[in-house]
Amino acid sequence: MSELLEIADELYGLPLADFTPARDARAKELKGTDLAPRVKALRKASTAAWVVNLLVRRDPAQVEQVLAVGAALREAQAAMSGEELRTLTRQRRQLTAAVTTQARRTAREEGTRVTDAVAEQVEATLTAAMVDEQCALAVRSGLLVAALATTGLDAADVAGAVALPEALGFTATAREPEEPARPELHVVPDPEADQKAVAAAEEALAAAESELAEAADAHQEAATAYDELAARGLQVQAEIDELRGRIAELETTAEEVDDDLTEAEDTRSETEDAVREATRVRDAAAQALQRLRG
């Protein structure tokens, strides 16, 4: 591995915000050498390219699996039918989508939020690596500076997407996430520790007694409110029972009225019949009298 590749491997493995100051500092260290201008010329990666570079270093096994599946699919495509190719394309999309989700999670662990637009570029880059061998080499290098995109039918701009021409054929160095340094703690004896402990205990006791008094007052208020509501509930229940009794009486009265109404209706029908009959008899008598007079 050339010294320039070694430096680039280190720089493109840094958090995105640290790249430029680290690159400039390294170029300054190399001032007067042939490497200085080449290091200074290294471009900062786009967010999507950085996410892919991060994934290559943090989860190289998963990336290699994606690239291996892509290589196998490229070899098998020539003999496949249209339906098989469509199935294969769906499976490839599912794989790249799953790996993109993992890449977003990894970036978030590094303190970088990946937007949906950037995630689409990451997925497009992984897809390009599966369908194009040169794109696969670019992704494996971990030295991407721009996202990749290709359908497999046209050549991708691989040379413009990597930091160095030597990147193709190079494999990024795997790195574990750095754990934050833990500060060293030194216990210094306190000569007033006992007095402070007593004072703290007294303070805690006073606070506890105050809280107990407040809790007791609150409990008394709640108990009083409960008793009042319980009495009110009994009163309301008594009123309900009284109303239910009154309703029962009214229902009995209503039944009696219904019976009387039925009898009255029968009587009214009978009297109507009697009136009609009496009217008929009267009319007949009047006609007979009229005939005798006339």
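Quick notes
- The set of residues from segment 98-118 being small (Gly, Ala, Ser) and without any contact (Cβ under 8 Å) to a residue 40 or more places away in the chain comprises 98, 117.
Conditions tested, residue by residue: (1) over 15 Å from residue 130 (Cβ atoms); (2) touching a Lys or Arg at 6+ places or on another chain (Cβ under 8 Å); (3) modelled with pLDDT of 85 or more; (4) in the same structural domain as residue 47 (by TED's automatic domain parsing).
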| site | (1), (2), (3), (4) |
| --- | --- |
| 71 | no, no, yes, yes |
| 75 | no, no, no, yes |
| 88 | no, no, no, yes |
| 91 | no, no, no, yes |
| 102 | yes, no, yes, yes |
| 107 | yes, yes, yes, yes |
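- Yes/no for residue 64 being part of a helix (DSSP H, G or I), surrounded by 13 or more Cβ atoms within 10 Å (Cβ to Cβ) and over 28 Å from the mean Cα position of the chain (by Cα): yes
- Selected residue (criterion: surrounded by the fewest Cβ atoms within 10 Å (Cβ to Cβ)) from residues of segment 6-38 that are assigned to a helix (DSSP H, G or I) and in contact with a Phe, Trp or Tyr (Cβ under 8 Å, 6 or more places away or on another chain): 19
- Lone qualifier among 2, 46 - being surrounded by 15 or more Cβ atoms within 10 Å (Cβ to Cβ) and not aromatic (Phe, Trp, Tyr): 46
- Within segment 32-58, the set of residues being basic (Lys, Arg), within 25 Å of residue 96 (Cα to Cα) and in contact with a helix residue (DSSP H, G or I) (Cβ under 6 Å, 6 or more places away or on another chain) comprises 44, 58.
- Filter result for the condition that a residue is in contact with a helix residue (DSSP H, G or I) (Cβ under 9 Å, 6 or more places away or on another chain), part of a loop (DSSP other than H, G, I, E, B) and more than 19 Å from residue 12 (Cβ to Cβ), over 93, 113: 113
- Residue in segment 135-147 that is more than 32 Å from the chain's Cα centre (by Cα), buried (at least 22 other Cβ atoms within 10 Å of the Cβ) and polar (S, T, N, Q) present: yes
The values are calculated or read from the model by the stated rules, or taken from the named source; none is laboratory data. Here the structure is a predicted model, which is why all the values come from computation and not from measurement. Positions of Cβ are backbone-derived with ideal geometry, glycine not excepted, and every protein chain shown enters the neighbour counts.
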